[in-house]
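First the structure, in the form of structure tokens, and then the observations on it.
The values are calculated or read from the model by the stated rules, or taken from the named source; none is laboratory data. Values in this document were obtained by computation on a predicted structure and should not be read as measured data. Cβ placement follows ideal geometry from the backbone for every residue including glycine, while neighbour counts extend to all protein chains displayed.
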Amino acid sequence: MQARQDLQPTMSKNPDSPAEPTAARTRRPHLRLAYVIGSLDRILRRRMTDALAPLGLTLSQFTALSVLDAKGQASNAQVAERSFITPQSANEVMNAMASRNWVSREPDPTHGRIVLLQLTDEGRAVLRECEQAVKAIEKQMMEGIELEAAGAVQTHLETFVRNLRG
């Protein structure tokens, strides 16, 4: 089933302009999907960075906390890969978070050189605060979109990620 061309959402020239009602906007076929996703990524990064700053976190720290929360334990390399940062940057992020008692480190019992990272209770509490700030951004982003449609968009985006990760 194809959506009506005149009812498909699109971007305005100003990516920070308030959202217009979906039905009032038309899809501009000359905008590449990758461009629209890239624009969304930049806006989300800026908004999340601004929302996390008062909580004393960087976006990289929030992402690393989220990765550790999802995985339970992870090596520095795993956190780096899932956080889209270099291992060196991940090490700096982990050092900062360990000094604040947000993560703990313990040797990997199966590999002598690997250190496993894990959230502390304090780290989990910080992450929960941050998630509330991020939920507010997501709520604003999804205004005017039905829950079912948002779920479909997420499914498609996850497929894009899998396809490009190879």
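Kindly indicate whether any position in region 100-113 is of a type in the set (Asp, Glu), in a helix (DSSP H, G or I) and over 20 Å from ILE43 (Cα atoms).
no
Hey, can you tell me all the residues within region 141-161 that are in a helix (DSSP H, G or I), more than 22 Å from ARG42 (Cβ to Cβ) and not hydroxyl-bearing (Ser, Thr, Tyr)? If the condition is that a residue be in a helix (DSSP H, G or I), more than 22 Å from ARG42 (Cβ to Cβ) and not hydroxyl-bearing (Ser, Thr, Tyr), then LEU147, GLU148, ALA149, GLY151, ALA152 are the ones that fit.
Give the residue, chosen from VAL67, VAL115, VAL134, VAL93, that is within 30 Å of ILE37 (Cβ to Cβ) and in contact with a Lys or Arg (Cβ under 7 Å, 6 or more places away or on another chain). Among VAL67, VAL115, VAL134, VAL93, only VAL67 is within 30 Å of ILE37 (Cβ to Cβ) and in contact with a Lys or Arg (Cβ under 7 Å, 6 or more places away or on another chain). Considering region 104-130, the residues that are in contact with an Asp or Glu (Cβ under 9 Å, 6 or more places away or on another chain) and within 14 Å of LEU68 (Cα to Cα) include one that is modelled with the lowest pLDDT, namely VAL115.
Scanning region 144-166 for residues that are exposed (fewer than 10 other Cβ atoms within 10 Å of the Cβ) and under 19 Å from SER83 (Cα atoms) turns up VAL161, ARG162, ASN163, LEU164, ARG165, GLY166. Of the listed requirements (1) surrounded by 18 or more Cβ atoms within 10 Å (Cβ to Cβ); (2) within 24 Å of ARG45 (Cβ to Cβ); (3) in contact (Cβ under 8 Å) with a residue 40 or more places away in the chain, SER75 misses just one: (2).
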